[in-house]
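Here the structure comes first, spelled out in structure tokens, and everything after it is commentary.
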Amino acid sequence: MPAPTSKAAGQATGQSVVSYNFAYMDEQTKRMIRRSLLKAVAIPGYQVPFGGREMPMPYGWGTGGMQVSAAVMGKEDVFKVIDQGSDDTTNAVSIRAFFARVAGIRTTTATVEATLIQTRHRIPEQALREGQIMVYQVPIPEPLRWMEPSEAETRAMHALEEYGVMHVKLYEDIARHGEIATSFDYPVLVNKRYVMSPSPLPKFDNPKMNQCPALQLFGAGREKRIYAIPPYTTVTSLDFEDYPFAVQRWDVPCALCGATDSYLDEIITDDTGARMFVCSDTDHCARHAVARDMQ
Amino acid sequence: MMVAQAAKLISSATSTPISMEIMLADALDAEPALMSVRGVTHYYGDRCGCRSIDLDLWPGEVLAIVGESGSGKSTLLNLLAGRFPPSAGTIHYRDAEGVRHNINCLSEAVRRRLLRTEWGFVHQNPRDGLRMRVSAGGNIGERLMACGNRHYGKLRGSALDWLSRVEIAADRIDDRPSAYSGGMQQRLQIARNLVSSPRLVFMDEPTGGLDVSVQAKLLDLLRQLVRQLNLSVLLVTHDLVVARLLAHRMIVMRRGEIVETGLSDQVLDDPQHAYTQLLVSSILQG
């Protein structure tokens, strides 16, 4: 019964965070995850299996991302969590509070201040810099899964660089919609070798992964896979010669800050169909609004 | 192309077996065998799948493997396509550059490359050979995309071209195979395999589950395509009529062994082995 013992010991010493190891997970688990991370960084885009642990929340809420964050987190880190670009949703607030409690580290909502950013489905609009680490929460790490249900087969396909079926998927899009209608989880080729699922990012964010100065780590908790893009790695989105990759565009600026260069969410504002478009990145939106007001 | 001429002669039913034999022999001397099989044996545990099979397949030749069910036809076909290794014996394949490969020693990468470029495999059940959740156009284009074609317009063009070749209406290009009839699915599967101009196509009972009128159309189509593209075909069938219509040469298998081999018309008109005689005499006379 190790838990009560450590709790008792904690009470005796009077520390605030007593029941848990630093950043929740035990050191052996973190070492295991770090080994997987090192391998993932060494082979950009390759999915490394790891012994995913149970986290104190359900699969699909970011357990993979949390394990990776916990494994790379240090006492000096400044931690930011975004959920669909937003710093203030339940998921983002909870994960930030969780690590503030179990690791005692500083948290922030400002992209520029953060050294470690855990994200669900967005990359911040603010350009990332060297020394920052992005941690992506990934639901389904295997980009070939929709075409090929067998795990053994998809592994062989990755090993042999057999990626024709990814284009079959894009072909189907064009045949059905007249354009590549895949707008999120848009497959990318990493370092000209592995096809990788960029987690359900909007394809708007795909170009930001290319030659990114920050280290990008991807954790899939349920599927127990880790993969990575080291800094300054070539990341290209798959496309056809006559249907080149293109990102989404909006006709209107952000209704709150007036930004025209950011990814916009459509918000329904009443029952009569009124809607507004606002930045999905709340930090970017707030800063942009402040800068505009100062002018 | 002597082989093509020989193939034409053979597939036109008017010529006599003897002149064909001479033509074919002349043609075959000119080029080395596409596939040579020596002493191939396969055991499923204690049970014999096929035993000491020797055969050669020349470029542009259609070779039928006939026999009753359980005679080891499909085992042999799967061995030749490298789907599993034989217990003994060697299978050599000469690729487009003239390099001889031992099929059993091929790396997975090379075997898969051959399968998507130089070979085709037509399954008895089209559901095994098609992607049922992908449109007909996508199914046809898949091999081209796997070979690096990245131009949607061209892919679309060759898909339309192949649909018309296998007599499927162009407006069905975006339908999924599940919306097709069995005969259309089988034709689509053939188009999907032939789009990358393979040199050798394995066919496992291609007309298996089809009704007689559809069978006849499909056979007609196959015969045309084989002639146009100068394909080599290894055709497994239990239906001697199919073999007679398509194949230049046939081998008759029984209990995992070859009992008779020869030109199709020769084997069917003048069967030597008692088992072949039995098979031939059991063809329903219409």
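Can you compute the helix-only [θ] at 222 nm over chain A? Use -39500 (n - 2.57) per DSSP H run of at least 4 residues, normalise by all residues, nearest 500 deg cm²/dmol.
After summing the helix terms and dividing by residue count, I get -9500 deg cm²/dmol.
Test of understanding: express the Cα radius of gyration of chain B as a ratio to 2.2 N^0.38 Å, with N the residue count.
Expressed relative to 2.2 N^0.38 Å, the Cα Rg reads 0.98.
Write down the radius of gyration of the stretch B:232-286 and its Dmax, each obtained from C-alpha positions, in Å.
Both quantities, over Cα of the stretch B:232-286: 10.5, 30 Å.
What are the semi-axes of the equivalent ellipsoid of the stretch A:201-253, taken as the square roots of 5 times the eigenvalues of the Cα gyration tensor, listed largest first and rounded to whole Å?
Semi-axes, largest first: 24, 14, 14 Å.
Could you please report the charge total around residue A:281, scoring K, R as +1 and D, E as -1 over all other residues with beta-carbon less than 14 angstrom from its beta-carbon?
That works out to -3.
With labels modelled as points extended 7 Å from the Cα through the Cβ direction, what inter-label distance (nm, one decimal) is found for residue A:295 paired with residue A:126?
Label-label distance for residue A:295 and residue A:126, simple model: 1.9 nm.
Ratio of Rg to Rh for chain A, alpha carbon only, Kirkwood?
So for chain A, dividing Rg by the Kirkwood Rh gives 1.00.
Taking the Cα atoms of the stretch B:152-200, what is the range of coordinates along each of the three principal axes, in descending order and whole Å?
Result for the stretch B:152-200: principal-axis Cα extents of 28, 27, 15 Å.
Sum -39500 (n - 2.57) across every DSSP H segment of at least 4 residues in chain B, then divide by the residue count to get the 222 nm mean residue ellipticity, nearest 500.
That calculation yields -12500 deg cm²/dmol at 222 nm.
Average projected area of the Cα convex hull of the stretch B:174-230, in nm²?
Averaged projected area of the stretch B:174-230's Cα convex hull equals 4.3 nm².
Given the Cα atoms of the stretch B:38-91, and with Rh set as the inverse mean 1/r over their pairs in the Kirkwood sense, what is Rg to Rh to two decimals?
Dividing the radius of gyration by the Kirkwood radius yields 0.96.
To one decimal place, what Kirkwood hydrodynamic radius in Å is obtained for the stretch B:106-155 from all pairs of distinct Cα atoms?
12.1 Å is the Kirkwood radius here.
Residue by residue through A:173-179, how many Cβ atoms from other chains fall within 10 Å of the Cβ on average?
3
Compute the signed sum of charges (Lys and Arg +1, Asp and Glu -1) over the other residues within less than 13 Å, Cβ to Cβ, of residue B:128.
+2
Would you list which lysines come within 27 Å of residue A:80, measuring only between C-alpha atoms, while excluding same-chain residues fewer than 8 positions from it?
A:30, A:39, A:203, A:208, A:224
Just checking the output field for B:129-136: average partner chain Cβ neighbours within 10 Å of each residue's Cβ?
Going residue by residue through B:129-136 and averaging, the value is 3.
Which value, to two decimals, describes the C-alpha radius of gyration of the stretch A:29-96 once divided by 2.2 N^0.38 Å?
Working it through for the stretch A:29-96, the quotient is 1.19.
With everything on Cα atoms, drop me the angle between helix B:182-194 and the longest principal axis of chain B, reported from 0 to 90° to the nearest 10.
The helix B:182-194 is inclined about 90 degrees to chain B.
Compute for the stretch B:141-257: radius of gyration divided by Kirkwood radius, i.e. Rg/Rh, restricted to C-alpha atoms, rounded to two decimals.
0.99
If I take all pairs of Cα atoms in the protein assembly as shown, what percentage of them are more than 37 Å from each other?
Value for the protein assembly as shown: 49 percent of Cα pairs lie more than 37 Å apart.
At most 13 other C-beta atoms within 10 Å and a DSSP loop state: those are the exposed trypsin sites (Lys or Arg not before Pro) I care about. Give me the longest piece of chain A that has none.
A:1-74
Roughly speaking, what % of Cα-Cα pairs in the stretch A:182-295 are separated by over 21 Å, rounded to a whole number?
Here the long-distance tail beyond 21 Å is 51 percent of all Cα pairs in the stretch A:182-295.
Whole-Å semi-axes of the stretch B:95-210's equivalent ellipsoid, largest first, each the root of 5 times a Cα gyration tensor eigenvalue?
They are 25, 17, 11 Å, listed from largest to smallest.
Sort A:163, A:59 so the one with the fewest other Cβ atoms within 10 Å of its own Cβ comes first.
The most exposed by this proxy come first: A:59, A:163.
Give the average over all directions of the projected area of the C-alpha convex hull of the stretch A:93-191, one decimal, in nm².
Quarter of the Cα hull surface area: 9.3 nm².
Would you mind ranking A:24, A:194 so that the residue whose beta carbon has the fewest other beta carbons within 10 Å leads the list?
Ranked by crowding around the Cβ, least crowded first: A:194, A:24.
Looking at the P(r) of the stretch A:140-235, how many percent of alpha-carbon pairs lie beyond 22 Å?
Considering the stretch A:140-235, 29 percent of its Cα-Cα pairs are separated by more than 22 Å.
Every number here is computed from the coordinates shown, using simple stated rules; none is lab data. From a predicted model like this one, the values you see are computed outputs, not experimental measurements. Using ideal geometry, Cβ is built from the backbone for each residue, glycine included, and neighbour counts are taken over all protein chains shown.
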